[in-house]
Structures are given as structure tokens and as C-alpha cells.
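I have placed the structure first, in the form of C-alpha cells, so that the comments after it can refer back to it.
The values are calculated or read from the model by the stated rules, or taken from the named source; none is laboratory data. Quantities reported herein were computed from a predicted structural model and do not represent experimental measurements. Methodologically, a virtual Cβ is constructed for each residue, glycine included, from the backbone with ideal geometry; neighbour enumeration extends over all protein chains shown. These accessible areas exclude ligands, DNA and RNA; they are computed on the full protein's heavy atoms, side chains included. Shrake-Rupley method; radii C 1.70, N 1.55, O 1.52, S 1.80 Å.
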Amino acid sequence: MTWALDHIGDIMFRAGQHAWLAGLPLVLGLVIALPLGWLAARRPRLRALLLTTTGLLYTIPSLALFILLPPLLGTKILDPVNVIVAMTVYTVALLTRTVADGLFSVDGSTQQAAIAMGYGSFARFRAVDLPLAVPVIAAGLRVAAVSNVSIVSVSSLIGISQLGYFLTDGYARSFPTEVWVGIVACLLLALVFDLVIQVVSRVLTPWTRTVAA
């Protein structure tokens, strides 16, 4: 505890870096996964291809992807852009199926009622299907957020500054306290992400609170 208090400034700084590297890809991945998930839900012929292809992206080892991206992107090995791109790829891999499942979960009678009211395909997606799919998508986002926080820590092995530094440095110095600080800090950051997603989900779905009441 004393060591953590003595290094609280460094811990908070690296936590901010970690949050950026894990959080930005979460937003970018969701933006990309929404149209892909919509296509998977609307186009049966594309569904298997999209879901299989995006699912396979998650099988790429993270460390290998961090190393392979610099020559592909024209960046340096220590450029945080490599991590952001890699984590966006993983987020898309996780969320495309989630978005498709969320859109599939919308009741057919609700969709028919929207069509009868004159909603076009995109208008119905924006005003009816997507809002009703929010709980399912939020559940997928929570999984992706925890996954991102965990995988980002691996990038410390190639010198990217974030909370994973405490894991590698503590291990190299045989200093368990530092390792535990890194583990606890990652857990707390994942918890913050999870709580934020839950709050945003509740704000976007006020009718769920009405039903619960």
C-alpha cells in the first residue's frame, strides 16, 4: 500500500493512457460494427461471411498483431496507433455478432407496426430497431471493454506505456507489490468501464426502468 501511495501520480497517469488505448477502440469498433451487424441481420447471404470473418479476427494473437501492424501502417513499433488499430479490430470482432443478435432480438410485431406507420428501412433501424437492441449491444460492449483493458496490458511487452508496465516491471524486478498494483489497477479500470456502459445503457433505454417499476 505504501508503494502504491508513493507512486499514485505514475499510476494515475498510466491509467489514463490505458483508458485511452482501451476506450477509443471501443467507440471506433462500435461505429464499425453497427453497419456490419445491420448487414448481417438484414442480408442472410452475407450473414455467415460477415460473422465468420469478423469472428476469426479475434483469434489473431495480440502480441503478433502489435508487431505486424507497424510495417502495414507505416508506424513505429512504439506508436500507440498500433494498439488502437489492433484493439479496434478485436472490438469489431466481438461486437459485429452482438449487434446482429441485438437486431434479431427486436420483436417482429414491433417492426411491422413501425413499417405500417411509414418508417423506411433506415428510419426504422435508427428509431426502432437500434434503441430496442441497446440492452443486447450494451452487454456485448461490457464484454469487449473488459477484454480491451486486459489485452492492452499485453502491449507493455513492446514498450507501450500503460498499466501493464507495472506487471512487466514488477516481474522483471521480482517485486510482487508492483505486480499486484498493476493487476488491481486494471481490475478497477475495467470496473469503471463496465459501470459507465451500464449507466449509458440505462439512460438510452428509459422504458426498461418503467417496466421494472
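Worth pointing out:
- Inter-residue pairs, beta-carbon under 6 Å, first farther than 23 Å from V81 by Cβ and open to solvent by 40 Å² or more (accessible area, probe 1.4 Å) and in region 2-23, second part of a helix (DSSP H, G or I) and not hydrophobic (A, V, I, L, M, F, W, C), 6+ apart: W3/T177
- Condition met for S161 (in a helix (DSSP H, G or I), in contact (Cβ under 8 Å) with a residue 40 or more places away in the chain, on the phi < 0 side of the Ramachandran plot and open to solvent by less than 70 Å² (accessible area, probe 1.4 Å)): no
- Only listed residue being within 30 Å of F104 (Cβ to Cβ) and of a type in the set (K, R), chosen from R43, R14: R43
- Under the condition of being at pLDDT below 90 and surrounded by fewer than 16 Cβ atoms within 10 Å (Cβ to Cβ), the residues counted in region 29-46 number 5.
- The single condition among (1) in contact (Cβ under 8 Å) with a residue 60 or more places away in the chain; (2) crowded, with 18+ Cβ neighbours inside 10 Å; (3) farther than 19 Å from Q17 by Cα that G140 does not meet is (1).
- Once region 72-115 is narrowed to residues that are assigned to a helix (DSSP H, G or I), open to solvent by 10 Å² or more (accessible area, probe 1.4 Å) and of a type in the set (S, T, Y), the residue that is farthest from V146 (Cα to Cα) is S109.
- All positions within region 47-66 that are of a type in the set (V, I, T), part of a helix (DSSP H, G or I) and surrounded by fewer than 20 Cβ atoms within 10 Å (Cβ to Cβ): T52, T53
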